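Below you'll find the structure, written out as structure tokens, and then a few comments.
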Protein chains: 6
Amino acid sequence: MSTSKSLSVTRRPIEYADASARVRAVYDDIMQTRKTDWVNNFWKVLAHDPATLERMWANVKQVMAPDGALDPLTKEMLYLAVSASNSCRYCIASHGAAATAKGMTPQQYSELLAIVGLANETNRLVNALDVEVDERFR
Amino acid sequence: MSTSKSLSVTRRPIEYADASARVRAVYDDIMQTRKTDWVNNFWKVLAHDPATLERMWANVKQVMAPDGALDPLTKEMLYLAVSASNSCRYCIASHGAAATAKGMTPQQYSELLAIVGLANETNRLVNALDVEVDERFR
Amino acid sequence: MSTSKSLSVTRRPIEYADASARVRAVYDDIMQTRKTDWVNNFWKVLAHDPATLERMWANVKQVMAPDGALDPLTKEMLYLAVSASNSCRYCIASHGAAATAKGMTPQQYSELLAIVGLANETNRLVNALDVEVDERFR
Amino acid sequence: MSTSKSLSVTRRPIEYADASARVRAVYDDIMQTRKTDWVNNFWKVLAHDPATLERMWANVKQVMAPDGALDPLTKEMLYLAVSASNSCRYCIASHGAAATAKGMTPQQYSELLAIVGLANETNRLVNALDVEVDERFR
Amino acid sequence: MSTSKSLSVTRRPIEYADASARVRAVYDDIMQTRKTDWVNNFWKVLAHDPATLERMWANVKQVMAPDGALDPLTKEMLYLAVSASNSCRYCIASHGAAATAKGMTPQQYSELLAIVGLANETNRLVNALDVEVDERFR
Amino acid sequence: MSTSKSLSVTRRPIEYADASARVRAVYDDIMQTRKTDWVNNFWKVLAHDPATLERMWANVKQVMAPDGALDPLTKEMLYLAVSASNSCRYCIASHGAAATAKGMTPQQYSELLAIVGLANETNRLVNALDVEVDERFR
């Protein structure tokens with residue numbers, strides 16, 4: 001009885017073989033867009049809710065599209081920096097792999113992490129000290 | 001009596017004319033390093049604690065140095081993205097100005113914000129769903 | 001010169017009269033969907049980036065749709081609770097107004113806030129104490 | 001020597017059989033109030049500090065009381081939403097189980113998560129863009 | 001019409017003269033406990049919900065009691081540090097004043113802020129790098 | 001192929017025997033300053049980026065120096081409180097051990113945690129209710 005109570009909050013990845021046609025359509029688009037032959041766990045867990053799976057993939061596909069004003073590597077590093085700042089371990093792993101695949105070097109990742117750390121320090125100092133925005137920045 | 005109680009937590013910017021030699025040395029280095037003729041409020045408020053002023057400037061100067069593996073614009077955009085994610089209004093203003101001065105376009109800023117927003121959404125979903133890191137990401 | 005530097009990060013609301021056809025189409029859909037004759041500032045500021053305006057509105061429209069498994073008032077209160085937990089003043093004002101319009105009473109809002117506060121307390125205690133998930137919850 | 005240093009920060013659950021009379025009184029009230037025959041780990045870990053155990057239980061008992069303006073299921077879902085937003089894994093498991101026991105369906109949980117994710121996105125965008133509160137919301 | 005919609009979320013301080021007997025009893029206890037002749041705005045705003053006012057004051061009174069294992073100044077500085085880390089401007093002002101009244105010097109406050117900033121930096125680095133807890137710390 | 005992609009984001013501790021002279025110099029200073037014969041994992045993981053290792057150690061050494069206005073135990077407890085508030089498990093373990101070594105008792109740690117929890121509750125309530133800073137606190 002007690003196990004059934006938590007079934008709705010714990011969700012295992014849904015593999016392609018077990019997925020509905022609606023879910024497979026998203027998996028197919030993910031693999032085609034990324035030119036790869038596999039789908040990572042985030043999408044397989046979201047697949048329990050096909051509407052959210054479709055919506056989130058549409059968002060990621062649009063926001064991370066390669067034809068924007070920012071190049072794909074910069075986009076991945078921005079995503080990675082926010083994920084590191086938010087302590088999302090899975091997101092660091094997945095976007096770290098994506099950034100690396102797009103050319104991020106270990107040295108660049110070190111610098112990215114240093115910026116994330118320092119920004120978290122100065123952000124807190126600035127907010128705690130309630131620093132007034134300079135006239136020149138307005 | 002009551003006003004004196006809060007004097008230690010509220011700190012006004014210390015202008016160059018009123019600064020000690022120790023503080024002026026940092027202000028001078030900031031202006032020289034940035035090739036500008038003014039110092040923004042963050043440093044002027046930190047100046048109440050010269051040791052922290054020196055330390056923080058040494059950190060920012062090193063981490064944001066232009067000779068790293070990441071180019072200066074990318075560094076500023078990473079700093080800006082973390083600051084936006086952390087809702088630090090002053091930091092968005094100051095690093096937004098710095099990124100713009102280094103060439104960030106309004107369209108690039110829009111894309112940066114979109115990534116910050118989306119990362120905050122997927123970071124929460126991933127952590128809430130406790131998604132297991134894929135074998136391929138390890 | 002300095003003012004132009006910050007133009008890209010500070011964005012004023014774009015009124016209907018000044019909006020492009022693409023932006024007006026979103027404004028029109030917002031007003032029609034919400035059965036109201038005005039658009040709030042969030043959308044008018046997002047309008048500087050029509051792609052994000054369209055995308056965010058499509059997300060909000062889908063997620064907050066009235067025909068879901070959760071009733072509209074519960075949805076608004078959940079949105080409000082997260083916004084209160086994240087200290088988003090504007091979001092509290094806008095979703096507070098929406099929840100009130102859908103029937104939330106002052107007493108219900110008080111209880112909602114009490115839950116938000118208490119959850120933030122116990123969430124920190126649990127994470128700090130690294131409490132192991134009970135077998136019955138797995 | 002070194003292990004003793006961390007004894008004060010790492011705390012194992014205290015089982016009923018090993019608990020003091022003061023702690024047992026709280027455990028008894030938890031079980032009676034919840035009409036159940038067990039106590040989950042959060043309380044058993046808090047039990048190392050009986051004053052905090054008593055205080056936190058008194059808070060939870062009052063805030064989550066079934067006779068409020070909000071019904072018990074809505075209260076649990078609000079608690080769950082904040083816990084998901086704060087990435088408190090244990091809290092998601094425990095309040096997810098409680099909400100499920102009170103009737104939350106998997107589909108409702110999916111919608112709850114979608115709202116948590118989206119609110120985190122728009123909260124960041126709103127704060128980053130420093131959107132002014134509309135006159136109508138004041 | 002529209003103004004009434006936001007009445008439930010915006011709450012003005014309730015002055016002693018306008019307060020119910022139930023609320024006045026809390027105000028009286030706050031002033032007596034703190035040996036002062038006024039009540040700060042936090043409590044006056046909470047007063048719209050007397051149950052929460054009573055509960056929160058009971059919590060603060062117990063947790064911040066002067067007879068604990070930690071001395072009152074250390075307690076206030078811990079509260080202040082967390083508030084600074086969470087960017088709660090009002091809380092920094094109120095607990096900063098309380099800490100100053102209990103003897104915190106400007107130099108001590110500077111050191112406190114430096115620790116808050118640095119902890120936010122290393123906390124992010126540690127979580128991003130997923131550092132394993134040393135055997136000696138377990 | 002895929003494993004190499006994540007090499008840049010996953011970093012194992014670098015032991016003294018495998019460290020460069022530059023890294024060893026920092027390890028030596030850590031051990032000498034702390035009067036101990038080992039280095040904890042945080043530094044060993046940072047060692048992949050010697051510049052950040054040197055910089056972070058210089059910061060920690062300065063901020064946590066024993067000759068400040070705050071005594072070493074208070075400093076450690078402030079660091080611990082912020083780490084607990086930020087849910088940094090490793091940091092709680094390491095700074096908890098350091099605070100314990102400097103004399104923090106289990107009862108003091110319990111009170112510290114209670115303050116961290118309560119501050120997170122009132123911080124959210126204050127920000128959500130947008131409480132105006134009292135004249136006396138300005």
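The values are calculated or read from the model by the stated rules, or taken from the named source; none is laboratory data. The shown structure was predicted, so the numbers you read here are calculated from the model rather than taken from an experiment. Counting neighbours? That spans all protein chains shown, and the Cβs are built from the backbone with ideal geometry, glycine included.
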Boolean, B:Glu15 is within 16 Å of the chain's Cα centre (by Cα) and not β-branched (Val, Ile, Thr) = no
Evaluation of A:Leu73 against (1) over 17 Å from F:Thr10 (Cβ atoms); (2) modelled with pLDDT of 95 or more; (3) assigned to a helix (DSSP H, G or I); (4) within 7 Å of another protein chain (Cβ to nearest Cβ) (one fails), failing number | (4)
Exactly one condition in (1) surrounded by fewer than 18 Cβ atoms within 10 Å (Cβ to Cβ); (2) within 14 Å of the chain's Cα centre (by Cα); (3) of a type outside the set (Lys, Arg) is not met by C:Val63; state its number.
-> (1)
Read through the list (1) more than 21 Å from C:Val60 (Cα to Cα); (2) touching an Asp or Glu at 6+ places or on another chain (Cβ under 8 Å); (3) part of a helix (DSSP H, G or I), then give the number of the only condition that D:Cys91 fails.
-> (2)
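Here is a yes/no grid of residues against (1) in contact (Cβ under 8 Å) with a residue 12 or more places away in the chain; (2) more than 22 Å from D:Ala128 (Cα to Cα); (3) buried (at least 17 other Cβ atoms within 10 Å of the Cβ):
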residue	(1), (2), (3)
C:Ala47	yes, no, yes
C:Thr52	no, no, yes
C:Gly68	no, yes, yes
C:Leu78	no, no, yes
Residues (farther than 13 Å from C:Trp57 by Cβ, crowded, with 17+ Cβ neighbours inside 10 Å and modelled with pLDDT of 95 or more) located in region C:1-33 = C:Pro13, C:Ile14, C:Ala19
Would you point out the residue of region B:99-137, among those that are in a helix (DSSP H, G or I), aliphatic (A, V, I, L, M) and within 20 Å of the chain's Cα centre (by Cα), that is surrounded by the fewest Cβ atoms within 10 Å (Cβ to Cβ)?
-> B:Ala101
Which one of B:Leu118, B:Leu78 is within 29 Å of A:Pro13 (Cβ to Cβ), touching a helix residue (DSSP H, G or I) at 6+ places or on another chain (Cβ under 9 Å) and among the hydrophobic types (A, V, I, L, M, F, W, C)?
-> B:Leu118
Meets criteria (among the aliphatic types (A, V, I, L, M), part of a helix (DSSP H, G or I) and within 21 Å of E:Gln107 (Cβ to Cβ)) for B:Val26 = yes
Confirm whether B:Ser83 is small (Gly, Ala, Ser), in a helix (DSSP H, G or I) and modelled with pLDDT of 95 or more.
-> yes
What about C:Thr36, is it outside any loop (DSSP other than H, G, I, E, B) and β-branched (Val, Ile, Thr)?
-> no
How do the pairs read when you match residues in region E:1-24 that are over 27 Å from C:Asp37 (Cα atoms) and more than 9 Å from chain C (Cβ to nearest Cβ) with residues anywhere that are modelled with pLDDT under 95 and in a loop (DSSP other than H, G, I, E, B), using Cβ under 7 Å and keeping only pairs 6 or more apart or on different chains?
-> none
Take B:Ser87 and decide whether it is in the same structural domain as B:Leu113 (by TED's automatic domain parsing) and touching a residue at least 12 places away in the same chain (Cβ under 8 Å).
-> no
Would you call A:Ala119 at pLDDT 95 or above, under 20 Å from B:Ala119 (Cα atoms) and in contact with an Asp or Glu (Cβ under 7 Å, 6 or more places away or on another chain)?
-> no
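Can you pull out every residue in region A:92-138 that is at the interface with another protein chain (Cβ under 7 Å from one of its Cβ atoms) and touching a residue at least 12 places away in the same chain (Cβ under 8 Å)?
Passing the criteria: A:Ile92, A:Ser94, A:Gly96, A:Met104, A:Gln108, A:Tyr109, A:Leu112, A:Leu113, A:Ile115, A:Val116, A:Ala119, A:Asn120.
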